[in-house]
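Quick notes on the structure that follows.
Just so you know, all these numbers are worked out from the coordinates, no wet-lab data involved. Keep in mind that what you see is a predicted model, and the values were worked out from it rather than measured. Heads up, the Cβs are rebuilt from the backbone with ideal geometry, glycines too, and the neighbour counts pull from every protein chain shown.
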Amino acid sequence: MQRRESMMRNRKETRAVSEVVASVILILITLSAMSYVIYYFMYRYYEEGAGLNLEANRLILSSGQIISTLYVYNNGTDYVFYFEDIGNFKLDLQGVCYMTGGKLVNISANAPIYNYSSVVKCAPTTIWPREVYWIVLNDGELSSFNGILYLKINGVFIQLQG
């Protein structure tokens, strides 16, 4: 009888999960649940709350730098600024300005914009992606022009400098 009880006891001990293993499993389950909750609320909830989804982030990253200054030429009487929209979106050029005395001076009416098809435009106009444009400025018409031009695009001033 005694032998039978010891065998039953051994059989029960081999079938049961020890308290240490059970505690470790519960701790792992708790940590994984907590990490999922933290991921959801700290990353996904914040992203959705900020109004950015993954598609918008992808488009923003693909647009990259908006305007690239390709070349600036000065022959003594004229400045010629060559630039290109290297992003993926068309841009609304609202004005052409230069800085003098700490103030921006709008010269949109005196700054014709050309592209490869020799179409003359003045701001406001649309700048298309992957097209080269140039602006010709007569230095005699500009007072204290320092060779830096500012384009007002979508409400933001972008500097063109050689």
> How do the peptides 19-31, 84-96 rank, highest first, by the average count of neighbouring beta carbon atoms within 10 Å per residue?
Replying inline: 84-96, 19-31
> Between Val17 and Lys121, how many nm apart are label points set 7 Å from Cα along the C-beta direction?
Replying inline: 6.9 nm
